[in-house]
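Structure first, commentary second.
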Amino acid sequence: MNERKGLRVQMNFFDKMQQHTGVSLNDVQKQAVRYSDGPLLLLASPGSGKTTTLNMKIGYLLLVKKIPAQAILAITFSKASAQDMAQRFDQFFGKLTHEKVHFSTIHSFAFQVVREYFAKQRITFQLVEGGNDVPLHKKIILRNIFTEIKDTNPTEDEMDELLTYISYVKNRMLSNKQLSTVKSSISGIADIYKAYEQFKTQNPQHPLLDFDDMLTYCLRILQEDEQIRTKYQRRFEYILTDESQDNSVIQHEIITILAKPQNNLCVVADDDQSIFMWRGSDVQKLLEFEKNYPQAKILTMTQNYRSTPEIVKTANDFIKRNPKRYTKEMFTENPTGESIEIHNMQRYELQLNYVIQEIEKSSNPQVTAILYRNNSSAIRLVDKLNKAGLPFYMKDVDLKFFRHWIVEDIINFMRLSYNDSRVDILEKVHTKMNAYITKKQMMYLKNNNDKTSVFDRLQTVRHADYQEQALNKTKKLIKKINILDPEEAIKIIRKNLGYEKSIRSTAEHLGFNEEGLLGVLNQLEHIAIGLPNLEAFAKRLKELEEIIKTSWSNKGRDVVTLSTLHSAKGLEYDTVYMIDLVDGIIPSKDDLKQEDEGNSEPIEEAVRLFYVGMTRARKHLELLTYHLKDDEHVEESQFLKQVRRLVKGKELVKKEVSYRESKPARDIPVNAITKKEHLQLNSYVEHHVFGKGAIKELSGQAIGVEFESVGYKKFMIDICLKQGFLCNIEE
């Protein structure tokens, strides 16, 4: 009798929720909501309604199980996710209950525990993160320690790597003996880390804490302070964690302790979307859930409510490439939609031209996203979007490019060309060109107040005869830079002044990523195209920086979204363009190298990242690759090759346009067509081939009205072939 009553109450709950919210749960979602006593792993595929299910589960605990709100802790990965969950909960249950459930990030909860513990111990602590107004800021501390140990100032890239290293070490709970096992291009990085930790704890009564320290202190407190541990274990009878595939090792440990002894723990996750290993996340913890909780129940929510069958089926088959995962079969009952499009471009620029033209044609760009693996991919894209008059919203505002030391070097070379008496400018670049200027010579210049050319003054103190010719040549080149357009000026700096050779040498000696450094130079060269003078180039860099910085103000407007694949997780768009799908980017060179060395984890995470990108699309997905970038041959992503095999086998691809190098066709006599038709044809190809990136219906019937001469069709083929495209046009 009681079982019937309980079942009736549960059914009434779901019926009531459907009437109240319009949400109808499927059978697996209902099972997840009802299962409340004991550990539950809810594996939620993309678009399966996990946030809705999680909120319904909390409502069930409140309204059916009569659990007090203060006994429920809902933890998610980010502050934005916690706020989103809280808002959705209020939408569903705001009128049904006045109780407030505690939605929190793991860092926020940890801060609460740490603050309570230090108050109990009468210890005052200070945060060294959270804002630029912090008197002792983490970055300042690290910069000073780096400079003291290395006897040189860190670059922005080195600072980023150092910050990532510290966070990884703490989140992975690595011991001092394990510090050297973490790969880094910074020699002695473990010593910098140890010095940083010692600096923060030099005064035990006033320790300094960064955000990651919140987690390490919290775990230690829960392990060692029985009173505080018991307090929180008794307070939170039910714990629910969202996006748990993103939890780091230490975060998993904190949750494990909190859930004891009842283990009324609901872990919502998708091992196929674990993409933050570099931040310390550990998918292995999910894969060992049953081992850690032998009585656990595992449910899989695999119905995708977001995407078309074409996208769902391909993504589902693609992710099976990874061997270490829970077996799942994602499916959808959504109606058939558009087929996946694959574009194999000849050159990198064609990829951008194509995407921009598609955005221009879009009637609703707000539901469109352009996704890429690295923020560096956005620079040229932003430049072209802006030139096309297309506003955008950038999900990750990253301005490091404009502060890169290479950017500063190029600007300094240009400054020197305006006034080659500037010793202060020469001092910044003198080791990066072929003038063989020594420190001793620089000291001479700094002590000499003469306002003549620094190169003339150096002739009086040259250290070898060969330097005379080098100084004369450098002086002429520096002067020449000033009268050239910016693109040519950068080429002179790169090649003739020896700057590119200097970069390669720096990369080799310091372990920097040479390809990444040269990529910055290539970006600058492309930004410079078409600009009239050096002043316009410097102004354009400032403009682009400001455009990116203020792009956040376009959020919610009818503009396209630009985002890294990492930051796109959890979001969805009608149309998604995934760009730069080449080996070396996704998967990265390091992914491939580690795979060759026997470590498959990085490339498996890259597979998951590609999968995340594909599953952001609701209706339309386009995958773009190319053969040439900055005159360097690249290979299309091996992931894209797999997708091509999948979609071709199932006829899920609408079209694949392949543009390849080809020998030009035989010359067509000019008198075969009129001059007007010649111009029309060139315009047509420029627009439809280079702008759009795809040749569509270039048949006689399609354009015969415009081009009536006998030779027009052969001439069009010739134009395309001469531009490096292979055209398949029926005679």
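The values are calculated or read from the model by the stated rules, or taken from the named source; none is laboratory data. Quick caveat: nothing in here was measured; it's all calculated off a predicted structure. Note that each Cβ is placed from the backbone with ideal geometry, even for glycine, and that neighbours are counted across all protein chains shown. The protein model used for the area step is the full one, side chains on, heavy atoms only, and it has no ligands, DNA or RNA in it. Shrake-Rupley method; radii C 1.70, N 1.55, O 1.52, S 1.80 Å.
Here are a few things to note about the model shown:
- By accessible area with a 1.4 Å probe, ligands and nucleic acids excluded, highest first: order of His404, His107: His107, His404
- Pairs over the 20 Å Cα-Cα cut-off, from the set Lys446/Lys501; Lys120/Lys231; Lys400/Lys475; Lys50/Lys79; Lys451/Lys476; Lys432/Lys479: Lys446/Lys501; Lys400/Lys475.
- Once the Cα gyration tensor of the range 537-599 is diagonalised, semi-axes √(5λ) in Å: 31, 19, 10
- Carbon plus sulfur fraction of accessible area for the chain, probe 1.4 Å, in percent: 48 percent
- Local electrostatic count, Ser244, Cβ distance below 10 Å [Lys/Arg +1, Asp/Glu -1]: -4
- Pairwise Cα inverse-distance average, inverted: Kirkwood Rh of the range 271-314 (Å): 13.1 Å
- Per residue convex hull volume, Cα atoms of the range 147-188, in Å³: 73 Å³
- When you work out D = kT/(6 pi eta Rh) for the range 361-402 at 4 °C and 1.567 mPa s, using the Kirkwood radius from C-alpha pairs as Rh and the Stokes-Einstein form, the result is 113 µm²/s.
- The gain in end-to-end length when the Gln112 to Arg557 segment is fully stretched comes to 156.5 nm, 0.36 nm per residue minus the alpha carbon separation.
- Local net charge near Glu468, Cβ-Cβ under 15 Å (Lys/Arg +1, Asp/Glu -1): +3
- Descending principal axes extents, the range 389-468, alpha-carbon based, whole Å: 56, 21, 21
- Net lengthening on full extension, Lys451/Asn599 (0.36 nm per residue, minus Cα-Cα): 47.4 nm
- Reduced Cα scattering model of the range 277-357, Debye log10 I(q)/I(0), q = 0.18 Å⁻¹: -0.97
- Here the ratio of the Cα radius of gyration of the range 303-407 to 2.2 N^0.38 Å is 1.37.
- Protein-only accessible surface at a 1.4 angstrom probe places the residues Glu237, Glu535 in the order Glu535, Glu237, largest first.
- Three principal axis lengths of the range 394-548 [C-alpha, angstrom, descending]: 54, 35, 25
- Subtracting the Cα-Cα distance of Ile257 and Lys648 from 0.36 nm times their residue separation leaves 135.9 nm of extension gain.
- The alpha-carbon atoms of the range 503-609 define a convex hull whose volume equals 165 cubic angstrom per residue.
- Taking all pairs of distinct alpha-carbon atoms in the range 452-542, Kirkwood radius in angstrom: 14.8 Å
- Over all other residues within a Cβ to Cβ distance under 14 Å of Lys451, the charged ones net out to -1, with Lys and Arg as +1 and Asp and Glu as -1.
- Label sites at Asn472 and Gln202, each approximated as a point 7 angstrom past Cα along Cα to Cβ, lie 5.5 nm apart.
- Taking N as its residue count, the alpha carbon Rg of the range 47-146 over 2.2 N^0.38 Å: 1.46
- Calculated over the chain: convex hull of Cα atoms, volume per residue (Å³): 207 Å³
- Solvent exposure of the range 175-240 amounts to 52 Å² per residue of accessible area, where only protein heavy atoms count and the probe is 1.4 Å.
- Among beta bridges identified by DSSP and lying wholly in the range 566-654, the antiparallel ones come to about 40 percent.
- Its relative contact order, with pairs defined as Cα atoms under 8 Å and 6+ residues apart, puts the chain at 16 percent.
- Remark: the range 106-186 is approximated by an ellipsoid whose semi-axes, taken from the C-alpha gyration tensor as √(5λ), come to 27, 18, 12 Å, largest first.
- Taking label points 7 Å from Cα along the Cα-to-Cβ direction, Lys400 and Arg220 give a separation of 2.9 nm.
- Restricting the calculation to Cα atoms, every distinct pair contributes to the Kirkwood radius of the range 370-434, found to be 14.3 Å.
- All lysines inside 16 Å of Lys648 as judged from Cα atoms, apart from same-chain residues fewer than 8 positions distant: Lys313
- The range 457-508 and the range 70-106: distance between their alpha carbon centers, rounded to Å: 61 Å
- Taking label positions 7 Å along the Cα-Cβ direction at both Glu290 and Asp27, the computed distance is 2.1 nm, reported to one decimal.
- For the range 572-618, the equivalent ellipsoid derived from the alpha-carbon gyration tensor has semi-axes of 25, 11, 4 Å in decreasing order.
- Pairs of Cα atoms farther than 19 Å apart, the range 489-552, %: 44 percent
- Between Lys139 and Asp15, the FRET efficiency from the beta-carbon distance, with R0 = 51 Å, is close to 0.40.
- Listed residues Trp278, Trp552 arranged by accessible area, highest first, probe 1.4 Å: Trp552, Trp278
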